[in-house]
Amino acid sequence: MRRYRQKYYDLFSHFYDWVIKLHSKDNRLFLRHYLAKRSGVKSEDKVLDLCTGTGSLAIVLTEYAPKGLVVGLDFSLGMLKKAKEKARQRGLKNLVFVAADAGALPFKSDIFAVVTCSHAMYELNGETRRQALQEIKRCLKPGGRFCMMEHEEPKQFFIRLLYHIRLLSMGKEGRQIVRQELKELKGIFCHVFKEVTASGKTKLICGEKAG
Ligand SMILES: C[S@@+](CC[C@H](N)C(=O)[O-])C[C@H]1O[C@@H](n2cnc3c(N)ncnc32)[C@H](O)[C@@H]1O
């Protein structure tokens, strides 16, 4: 199953940025800065962008941590290839990419000041998601912050229908996080808060590792 999902993302990597551009009309860049600012990342921080895809958020994060290091992690080599190309074109020195599974992070404990995950937490199946959340906590420094961004439940009928079809495809376990995400995150992190952007379309949920 995991192999098929990787293959799916490898294939999707060829169109991903194009689809996002078409779908969000540049709004996604605004959202990436919004997430970076709310994550509280500082100039010298080490930051992990989990399920980085083509690295768009990781690239934005490098602006906020110019003297630190941003690590973009993904299990799709296709996505990472695109991400590396984009980083190389921009000559970024404080950005590296790592191929790994979100459920088993290849890092020491207590090293990242911030971990981000944009539009990907809902893509993880129940077991991987649980492991990923524990791994995020392990790798965060005490007092470090985790921020995830996802679509808020759409109001328009047709889009709402598509949203629920996507949730159905996640299975019972996968849908659980959508219904109980705050409860689930509060069981792992402290100072958990959720906010919805002015458009009402996107939500941000952040929590901290107890210091
Ligand atoms: C919808 S994309 C989001 C990409 C990026 N975060 C963004 O905001 O554009 C989901 C990403 O999660 C990655 N992914 C899914 N399951 C994963 C796993 N178990 N471990 C690591 N990456 C995973 C996929 O390869 C894909 O790049």
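Phi angles of segment 14-21 translate, via the Karplus equation with coefficients 6.51, -1.76, 1.60 and θ = phi - 60°, into HN-Hα couplings of 5, 10, 3, 4, 5, 4, 4, 4 Hz per residue; Gly and Pro are given as x.
Which number do you get for Rg(Cα) / (2.2 N^0.38 Å) in segment 3-101? List each step's numbers first, then the result.
Details: Rg = 13.1 Å, N = 99, 2.2 N^0.38 = 12.6 Å.
Compactness ratio reported: 1.04.
On full extension, the segment bounded by N27 and H164 gains 47.1 nm, given 0.36 nm per residue less the C-alpha separation.
Determine the sum of side-chain charges near I111: Lys and Arg each +1, Asp and Glu each -1, restricted to other residues whose C-beta is under 11 angstrom from that of I111.
Working: positive: K46, K108, R138, K141; negative: D45, D110.
Local net charge: +2.
State the answer as a single residue: which of V60, L73, V19 lies farthest towards the positive end of the charge dipole of segment 11-94, with beta carbon charges of +1 for Lys and Arg and -1 for Asp and Glu, about the Cα centre. Positive-most Cα among the choices belongs to V60. Our Cα-only numbers for segment 2-208 put the radius of gyration and Dmax at 16.0, 46 Å.
About the Cα centre of segment 2-208, what is the dipole size in debye to 20, counting +1 per Lys and Arg Cβ and -1 per Asp and Glu Cβ, all else neutral? Before the final figure, lay out each step's value.
Details: 38 positive and 22 negative charges, 36 e Å.
Rounded to the nearest 20 debye, it is 180 debye.
By the rule of a C-alpha distance below 12 Å, with chain neighbours fewer than 8 residues away ignored, the aspartates and glutamates paired with K46 are D110.
Here segment 120-155 and segment 23-79 have alpha carbon centers that stand 15 Å from each other. Near the amide H of V115, within less than 5 Å, lie the amide hydrogens of L48, R145, F146, C147, all on another chain or at least 5 residues away, with H placed in the peptide plane.
Using just its DSSP H runs of length 4 or more, each adding -39500 (n - 2.57), the chain gives a mean residue ellipticity at 222 nm of -14500 deg cm²/dmol after division by all residues. Our analysis of segment 137-211 gives Rg over Rh at 1.04, with the two radii drawn from alpha carbon positions and Rh computed by the Kirkwood formula. Amide H contacts of V70 (H built 1.01 Å from N, in plane; Pro and chain starts excluded): V47, L95, V96 sit under 5 Å, all sequence-distant by 5 or more or on other chains.
Calculate, in nm to one decimal, what E63 and Q156 gain on full extension: separation in residues at 0.36 nm each, minus their alpha carbon distance.
That pair, E63 and Q156, stretches by 30.0 nm at full extension.
Working from label points 7 Å from Cα in the Cα-to-Cβ sense, the R38 to F107 distance is 2.0 nm. Remark: spin-label model distance Q176-K203 equals 1.7 nm, labels positioned 7 Å along the Cα→Cβ axis.
Values quoted throughout were computed directly from the atomic coordinates according to the rules given, and no laboratory measurement underlies them. Quick caveat: nothing in here was measured; it's all calculated off a predicted structure. We place every Cβ from the backbone using ideal geometry, glycine too, and count neighbours over all the protein chains shown.
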